[in-house]
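Please read the structure below before turning to the comments.
The values are calculated or read from the model by the stated rules, or taken from the named source; none is laboratory data. Nothing here was measured: the structure is a model prediction, and the numbers come from that model. Here the Cβ positions follow ideal geometry from the backbone for every residue, glycine too, while neighbour counts run over all protein chains shown.
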Amino acid sequence: MLRRLLHSIGSYLLLMRRTFARPQQMRIFRQQYLHELYSLGYNSLFIVILMSFFIGALLCVQIKLNVWSPWMPRFTIGYAMREVILLEFASSIICIILAGKVGSNIASEIGTMRVTQQIDALDVMGVNSASYILLPKILAMVTAIPLLVTFSIASGFIGAYVVCWAGGFLSLADLTYGLQHDYVPWHLWSGYIKSLVFAFIIASVSGFFGYTVRGGSIEVGRAGTNSVVVSSVLILFFDLMLTNLLMG
Amino acid sequence: MISLIDIQKHFEDQEVLHHISATFEEGKTNLIIGRSGSGKTVLLRCIIGLLTPDNGQVLYDGRDIHRLSKHDGTLLRQEMGMLFQGAALFDSMNVLENVMFPLDMFSSKTHRERLARARFCLDRVGLTDAENKMPSELSGGMQKRVAIARAIALEPRYLFCDEPNSGLDPISSRIIDRLISDITHEYGITTIVNTHDMASVRGIGEQVLFIHDGYAEWTGSNATLYTSENPHLREFLESDQ
């Protein structure tokens, strides 16, 4: 078990060394990068906005109904919701969701390329297949995730405003005051920093599972599942580490 | 010319290739034949550098592919074309883009020249009309022909084909065989074809290497194949009759 784990970590590091090589053809790399930015980033925008909107609304309702009590100032609802969104939801939870959506997509796409010998074809031509396939995906994810986090934060706040306005849980003035109360910009930046690390984890770990597939369609499916599980666990592990480092 | 010198390959405790030595001549269609599981594909993967043999040398006109520097290895690979068993076309690209790909990656020609070369290769395999189709829209035989066009795009000196007829009907198989043979003679390239299709052996084989259980048991010209005394080769040939 330990030997297999060490072997996997070693293989992952070797793959990353091959991945971070200078692209052989910059023009093709740029095309690939833009394509991945659209495919991994833009195509995730809707789900991020949708989920963040509802989570923002739900957080507001839950805090009002189950946490808030009459002796607490009303603005604490907005304040608590903002902190949850900025510190954990927009960075960590959104990245776990994306590990499921984007990670499994990356692993199965690359895994299919492996079992249909497309990666072998690249290698035989003299193309650095790891760099050609993985580098644009990793860089696209690292570029797209901070933008998605920004949309997530905005959508969460909009969700809270909509539920307060429609449900009458809280006045919009109290919510706005809570959202602005005792704001620490570092909380926002630490969320962005964490999301960059998580973006790298999602793309590189999923890419590793896809790239190292051996066998057929069952193994490709298994690689997709494993990539989601391992990425999610690593995100939570690094979340703990980074939170201690950045906030401690 | 490609020379194999004492190639050995193990997978864990199992020895898959036993001290294989052979020579594949330039301008000829060289066949590696043998039963399924005899080690043909492992040998071909060692020859093209996708697997590294545990022992021995693979010499491309004197250059050992497994001991070249990264830069020289990349240059050598640009002299190689490969037709995979499943064609291995890039499914995110259309036919023309697939054929253009090696040119886009490695050729110093202008876009117009690369396009002209890709169209010439497609014309050579009879698929001019299919350039905008995606690989999934093509039949198995057409996919193989596109893969041949891609393989010859950079005007290779060495062409490798792994089971080029697998999954094809007899007529498509003969078309692919004829293309491989014609291209080999037309450009004077060293071609190695991995096959167990006896129609291919009879049709295009010029030099034959017979592999049995990882041993190179017989090598010679197609003309002497049927007069061989090797019992395993005789059994293999007779199974077709």
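For the reader, a short list of remarks on this structure follows.
- Tally of residues being modelled with pLDDT of 90 or more and at the interface with another protein chain (Cβ under 7 Å from one of its Cβ atoms) across the stretch B:79-88: 4
- Complete set of residues in the stretch B:21-62 that are within 14 Å of chain A (Cβ to nearest Cβ), within 18 Å of residue B:215 (Cα to Cα) and not basic (Lys, Arg): B:41, B:42, B:44, B:46, B:47, B:51, B:52, B:58
- Residue within the stretch B:10-20 that is of a type in the set (D, E, K, R) and on the phi > 0 side of the Ramachandran plot present: yes
- Residues of the stretch A:194-221 that turn out to be of a type in the set (Gly, Ala, Ser) and touching a Leu at 6+ places or on another chain (Cβ under 6 Å), as a count: 1
- When the stretch B:32-60 is filtered for residues that are out of contact with any Phe, Trp or Tyr (no Cβ under 9 Å at 6 or more places or on another chain), part of a loop (DSSP other than H, G, I, E, B) and charged (D, E, K, R), only B:54 remains.
- Any hit, the stretch B:170-184, residues being within 27 Å of residue B:2 (Cβ to Cβ) and within 12 Å of another protein chain (Cβ to nearest Cβ): no
- The residue list A:161, A:192 contains one member that is in contact with a helix residue (DSSP H, G or I) (Cβ under 8 Å, 6 or more places away or on another chain), part of a helix (DSSP H, G or I) and without any contact (Cβ under 8 Å) to a residue 24 or more places away in the chain, which is A:161.
- Total residues in the stretch A:172-191, condition surrounded by fewer than 24 Cβ atoms within 10 Å (Cβ to Cβ) and under 18 Å from residue A:236 (Cβ atoms): 1
- Residue count for the stretch A:167-184 satisfying the condition of being in contact with a helix residue (DSSP H, G or I) (Cβ under 9 Å, 6 or more places away or on another chain), in a helix (DSSP H, G or I) and of a type outside the set (S, T, N, Q): 7.
- Qualifying residue in the stretch A:40-53 (condition: under 29 Å from residue A:129 (Cα atoms), surrounded by fewer than 17 Cβ atoms within 10 Å (Cβ to Cβ) and within 14 Å of chain B (Cβ to nearest Cβ)): no
- Reported count of residues in the stretch A:23-52, each being among the charged types (D, E, K, R) and in contact (Cβ under 8 Å) with a residue 40 or more places away in the chain, is 1.
- Scoring residue B:192 on the criteria (1) at negative phi; (2) modelled with pLDDT under 90 leaves a single failure, condition (2).
- So residue A:65, is it over 18 Å from residue A:235 (Cα atoms), away from chain B (no Cβ under 14 Å) and in a helix (DSSP H, G or I): yes
- Unmet requirement for residue B:91, which otherwise passes all of (1) of a type outside the set (A, V, I, L, M); (2) within 10 Å of chain A (Cβ to nearest Cβ); (3) under 19 Å from the mean Cα position of the chain (by Cα); (4) in a loop (DSSP other than H, G, I, E, B): (3)
- Leading residue by the ranking (nearest to the chain's Cα centre (by Cα)) among those in the stretch A:115-129 that are more than 7 Å from chain B (Cβ to nearest Cβ) and in a helix (DSSP H, G or I): A:129
- The single condition among (1) within 14 Å of chain B (Cβ to nearest Cβ); (2) in a loop (DSSP other than H, G, I, E, B); (3) touching a Leu at 6+ places or on another chain (Cβ under 9 Å) that residue A:106 does not meet is (2).
- Hey, residue A:142 touching a residue at least 40 places away in the same chain (Cβ under 8 Å), of a type in the set (A, V, I, L, M), surrounded by 16 or more Cβ atoms within 10 Å (Cβ to Cβ) and part of a helix (DSSP H, G or I) or not: yes
- Of the residues making up the stretch B:63-78, those that are closer than 26 Å to residue A:25 by Cβ, assigned to a loop (DSSP other than H, G, I, E, B) and either without any contact (Cβ under 8 Å) to a residue 12 or more places away in the chain or within 12 Å of another protein chain (Cβ to nearest Cβ) (or both) are B:65, B:68, B:69, B:78.
- Highlighted here are the helices (runs of 4 or more DSSP H) found entirely within the stretch B:170-241 that include at least 2 residues which are over 21 Å from the mean Cα position of the chain (by Cα): B:222-225, B:231-238.
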